[in-house]
Amino acid sequence: MVTGADVSDARGAYGVLDGVLGRYRSVRVVIADRAYDREGLLEWLLGKWEVGLDCVGRLGCGSFVVLPRRWLVERSFAWLLLGYGMPYPYLFVSVLGCVV
């Protein structure tokens, strides 16, 4: 999904999550960056999809701190993009509904 520069991450997430959660009904928790903890996203997820939102934020300032479970998302996308999870690269585009 491509949006304009004036669309925030949280507002853009509605369209992406609507497509993903409509296809994968077994999802129970969405793990996201702290930027997505705005504009009523949690209430929308709970009301429409009965899915929780776990936002991972910064724990400290000025030094490197490992954020819990943030690696999960990054490794999942890396695994899919390298082709280990999808037999053909075009399937990745059809699953997410966008070009990454």
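Read the figures in this text as sums done on the coordinates, not as results from a lab. The shown structure was predicted, so the numbers you read here are calculated from the model rather than taken from an experiment.
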Amide H of Val56 versus every other amide H placed in the peptide plane: which residues, excluding those fewer than 5 positions away on the same chain, fall under 5 Å? Ala32, Asp33, Arg34
Debye sum, Cα scatterers, the stretch 5-52, no solvent: what log₁₀ I/I(0) at q = 0.21, 0.23, 0.26 1/Å? -0.69, -0.82, -1.03
